[in-house]
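Nothing in this text is a laboratory measurement; each read-out follows from the coordinates by a stated rule. It should be emphasised that the depicted structure is a prediction, and the values quoted were computed from it without experimental measurement. Every residue, glycine among them, receives a Cβ derived from its backbone with ideal geometry; neighbour counts consider all protein chains shown.
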Amino acid sequence: MHPVIVIPRRIAVTIVLVLYLLAPISQADSYTLAITPTMPKEQTEEYYRPLAEYLGTRTGHVFQIEAHHNYVAYWEAMRRENTADLVLDAPHFTGYRVAKANYQVLAKIRDTLSFSLVTNEDLLLFEPAELIGKKVVTPASPSLSGVELARMFPHQMRQPTMVSTQNFNQALERLKSGRASAALIPTPLVSGDTTVNTVTTTEPVPHHAVSASPDLPSEVRQQIRQALLTAHETQAGQAMLEKVNISGFEPADNDLYRPYAALLEGVWGY
């Protein structure tokens, strides 16, 4: 029969403490969350901070917002680097990342996205063709609105004067100040606005999606997907959705967005 070794309590406590201190410490990783530039860079960083903080709370990691001043800079970064860990992006850019860089769609904003071609209340038009030769403002291609505007006027000799802006707020301000005849704006921004007239509205497409880099660990991708899809079920998630003016997220996959990469064909650098 083996003798029983009794370790004094003080020594046992010391051993446990040493083993605890020597154990590997789990540290939070830091990831980038890129946001499509629908507003000025500084405003984007501030506006979407609640989303980054919510994901951080739900996953235990840190998410740093990556914003750009305009769509041209955003497109250049996407083409040359495409290194963002997580992206909230328009359907054509999401499709591009899926097709060209093997990004994985995790979830999408509920509903669809469309753009309205609007004029000031004192200019009533019925067809886009009536704007040929007149100034029309919207963020420059390869923004989705810029791409859609180019599709409205496919003939090079029969086009309006397309004036680019850095964001939609600036486009709407130019229109209302009389510095443009029309603007192509996300439909929700002008819905119910009695100071503008709607000429036409584009066909709806899937709303912005959240996609993840193939380098993002699979367990983190799953955590993010779950956090997004259940956001509307929790008080913290509902507060975040209200702050960023998102109705909620719903399931989506690569097949839904891959075809929209074709909208970028003909864009410089595609």
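Using only Cα atoms and rounding to the nearest 10 degrees, what angle (0 to 90) does helix 71-80 make with the longest principal axis of the chain?
So the inclination is approximately 50 degrees.
What's the exposure ranking of Asp111, Asp255, Asp89, going from fewest to most Cβ atoms within 10 Å? Please report the intermediate quantities before stating the final value.
Values: Asp111 14, Asp255 9, Asp89 25.
Listed from fewest to most nearby Cβ atoms, that is Asp255, Asp111, Asp89.
What full-extension length gain, to one decimal in nm, is calculated for Val244 and Gln43 as 0.36 nm per residue of separation minus the Cα-Cα distance?
On the way: separation 201, 0.36 × 201 = 72.36 nm, distance 1.17 nm.
Full extension from Val244 to Gln43 adds 71.2 nm.
Exactly which trypsin sites (Lys or Arg not before Pro) in region 175-270 are in a DSSP loop and have at most 11 other Cβ atoms within 10 Å? Let's see the in-between values first.
Working: sites: Lys176, Arg179, Arg221, Arg225, Lys243; in loops: Arg179.
Answer in residue order: Arg179.
Give the lysines whose C-alpha is closer than 25 Å to that of Lys243, dropping any in the same chain fewer than 8 places away, or say none.
Output for Lys243: Lys41, Lys108.
Give the residue list of GluC sites (Glu not before Pro) in region 178-270 that are DSSP loop and have at most 11 other beta-carbon atoms within 10 angstrom.
Listed in order of number, the matching sites are Glu265.
Quick one: if the Förster radius is 35 Å, what FRET efficiency do Asn102 and Ala129 give, using the C-beta to C-beta distance and rounding to 0.05?
Efficiency for this residue pair is about 0.25.
May I ask you to evaluate 6.51 cos²θ - 1.76 cosθ + 1.60, the Karplus curve with θ = phi - 60°, for each residue of region 115-121 and list the ³J(HN,Hα) values in order in whole Hz, giving x for glycine and proline?
10, 10, 8, 10, 10, 5, 4
Taking N as the number of residues in the chain, what is its Cα Rg relative to 2.2 N^0.38 Å?
Values: Rg = 24.5 Å, N = 270, 2.2 N^0.38 = 18.5 Å.
So the chain has a normalised radius of gyration of 1.32.
Ignoring everything except DSSP H segments at least 4 long, calculate the 222 nm mean residue ellipticity for the chain; use -39,500 (n - 2.57) per segment, divide by total residues, nearest 500. Before the final figure, lay out each step's value.
Values: 11 runs with 100 residues, N = 270.
Theoretical 222 nm ellipticity from helices: -10500 deg cm²/dmol.
Helix 218-229: angle to the longest alpha-carbon principal axis of the chain, degrees 0 to 90, nearest 10?
60
In nanometres, what is the gap between the two model label sites at Ser114 and Glu81, each 7 Å from Cα along Cα-to-Cβ?
Distance between the two pseudo-spin positions: 3.6 nm.
For region 263-270, just list the computed ³J(HN,Hα) in residue order, Karplus coefficients 6.51, -1.76 and 1.60, θ = phi - 60°, integers in Hz, with x standing in for Gly and Pro.
Listing the rounded values in order: 5, 8, 4, x, 6, 4, x, 5 Hz.
Would you mind ranking Trp268, Trp75 by Cβ crowding within 10 Å, fewest neighbours first?
If I rank by nearby Cβ atoms, fewest first, I get Trp268, Trp75.
Quick query: amide H of Thr161 versus all other amide H atoms, modeled in the peptide plane; which residues come in under 5 Å with a sequence gap of 5 or more or a different chain?
Gly133, Lys134, Lys135, Val136
Going from the alpha-carbon gyration tensor of region 115-202, what semi-axes, largest first and in whole Å, does one get by taking the root of 5 times each eigenvalue?
Each semi-axis is the square root of five times an eigenvalue, giving 17, 14, 12 Å.
Rounded to two decimals, what ratio of Rg to Rh does region 175-216 give with C-alpha atoms and a Kirkwood Rh?
1.19
Angle between the Cα long axis of helix 49-59 and the longest principal axis of the chain, 0 to 90 degrees, nearest 10?
30
Cross-link candidates for Lys134: which lysines have Cα within less than 22 Å, leaving aside residues fewer than 8 places away along the same chain?
Of all the lysines, those that pass the test against Lys134 - Cα under 22 Å, at least 8 places apart if same chain - are Lys176.
What residues have an amide H closer than 5 Å to that of His69, excluding those fewer than 5 places away on the same chain, when H is modeled at 1.01 Å from N in the peptide plane?
When sequence neighbours closer than 5 places are left aside, there are no close amide H contacts.
Considering amide H positions built from the backbone, and no H for Pro or chain starts, which residues 5 or more places from Phe115, or on another chain, come under 5 Å of its amide H?
The answer is Thr187, Thr202.
Could you give the dipole magnitude of the chain about its Cα centre, charging the beta-carbon of Lys and Arg +1 and that of Asp and Glu -1, in debye to the nearest 20?
500
Using only alpha carbon pairs under 8 Å that are at least six residues apart, calculate the relative contact order of region 111-270 and give it in whole percent.
Across region 111-270, relative contact order equals 30 percent.
Tell me which GluC sites (Glu not before Pro) from region 99-165 have a DSSP coil assignment and no more than 13 other beta carbons within 10 Å of their own.
Of the GluC sites (Glu not before Pro), the ones in loops of region 99-165 whose Cβ has at most 13 other Cβ atoms within 10 Å are Glu121.
Over the chain, what is the percentage of antiparallel beta bridges among all DSSP beta bridges, to the nearest 5? List each step's numbers first, then the result.
Details: 22 of 37 bridges.
Within the chain, antiparallel bridges account for around 60 percent of the total.
First measure r as the distance between the Cβ atoms of Thr32 and Thr200, then evaluate 1/(1 + (r/R0)^6) with R0 = 30 Å and state the FRET efficiency to the nearest 0.05. Before the final figure, lay out each step's value.
Numbers: r = 37 Å, r/R0 = 1.24.
Efficiency at R0 = 30 Å is approximately 0.20.
What does region 19-151 give for Rg and for Dmax, in Å, if only its C-alpha atoms count?
19.7, 78
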